[in-house]
Every structure is written in structure tokens, then in C-alpha cells.
Amino acid sequence: MNVGILIITHSGIGASIFGTARFMIDDCPLNVKLLSANRESDPDELLESASILIKELDKGDGVLILTDLYGSTPSNIAHQLDQYADVKVVTGLNLSMLIRVFNYAELGLTELTEKAYSGGRDGITIDNDNGPDES
């Protein structure tokens, strides 16, 4: 399997997370493309660029799109792309999510989508240890 990964985020967030993930995992096992949106971005131009990237990334196993914030321009662009048969979208991109995706690069699109979701969710914790009890 060789699922393509398209990361669509605000102003360089995707590049930063991707760069950190590549630092942590020497060899990026998947074909990854980045698209960044900023205040001046035209949504129609972003959609056109994203469509071109989808076609470049899809080698027959589909494309997983990761975005940073649900309901934002990157997310809205991504959800317009899920019209393609082999495209899945996961929002809430974080480093845990991307590392999990890289570690399960051999999976198919549906399974990799689930791994992305679980990696992002499982990477969020609450530290309930407030130090020594003073009672």
C-alpha cells in the first residue's frame, strides 16, 4: 500500500509538524504534500491547488488529508475534496497523529484513517498529578 498524505493547514503549521515528524522518524515512508492557507489565500485557488496535489499523490491507494482545525478554510477545502472516491479527511492534526500515520504506512486508506484519528486522540492527555498532597 502507498497512501498519499496531503496536509492542509494554516500558515505553516503543517510544515512545522511535518518537519518535526521527519526529524523524529528518519525516513518518511509516505508521499506527503503540504498546502498552507493564510488570510490572503483565495479559497478557490486553494481548492484548485489541492485538487492538483490529490491527483499527484493518488497512485491507486488513495489520499488521506490531514487538516488542523475543523470548520476552518483548510478543513472546508479538504471536505470539498472528499468527493473523490479514494479520499479521507481527518481534522485536528497534531504531532502524535502524524507519527502514528508514519508508523503504520503499510495500511490501506481506511485503516490508516483510523490510525490517524486514534493517534491524534491518544496523544492528548490530562496530567492529574498536582504534586505532593498537602493534607
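Among the conditions (1) under 16 Å from the mean Cα position of the chain (by Cα); (2) not small (G, A, S); (3) not in a helix (DSSP H, G or I), Y117 misses just one, which is (3).
Scanning segment 82-95 for residues that are hydrophobic (A, V, I, L, M, F, W, C) and without any contact (Cβ under 8 Å) to a residue 60 or more places away in the chain yields a count of 4.
With the requirement that a residue be assigned to a helix (DSSP H, G or I) and at pLDDT 95 or above, what does segment 81-101 give you? Those that are assigned to a helix (DSSP H, G or I) and at pLDDT 95 or above: L95, S96, M97, L98, I99, R100, V101.
Identify, from the list K59, K55, K33, the residue that is in a loop (DSSP other than H, G, I, E, B) and free of Cβ contacts under 8 Å to residues at least 60 places away in the same chain.
Details: K55 fails: in a loop (DSSP other than H, G, I, E, B); K33 fails: in a loop (DSSP other than H, G, I, E, B).
None of the others qualify; the one that does is K59.
If only residues of segment 75-112 that are more than 12 Å from the chain's Cα centre (by Cα) and of a type in the set (S, T, Y) are counted, the one that is surrounded by the fewest Cβ atoms within 10 Å (Cβ to Cβ) is T110. In segment 96-107 there is no residue that is more than 24 Å from D122 (Cβ to Cβ), among the β-branched types (V, I, T) and touching a residue at least 12 places away in the same chain (Cβ under 8 Å).
Taking segment 14-46 as the range and being closer than 16 Å to N76 by Cβ and surrounded by 16 or more Cβ atoms within 10 Å (Cβ to Cβ) as the test, the residues that pass are G14, L35, S36, A37, S41, L46.
Would you check which residues across segment 64-80 are part of a helix (DSSP H, G or I) and β-branched (V, I, T) and list them? Spell out the reasoning first.
Start the filter on segment 64-80 by keeping residues that are part of a helix (DSSP H, G or I), which leaves 73-80.
Hits for segment 64-80 are T73, I77.
For segment 52-68, residues that are surrounded by 15 or more Cβ atoms within 10 Å (Cβ to Cβ) and not acidic (D, E) total 9.
The values are calculated or read from the model by the stated rules, or taken from the named source; none is laboratory data. Everything quoted here is computed from the prediction, not taken from an experiment. Heads up, the Cβs are rebuilt from the backbone with ideal geometry, glycines too, and the neighbour counts pull from every protein chain shown.
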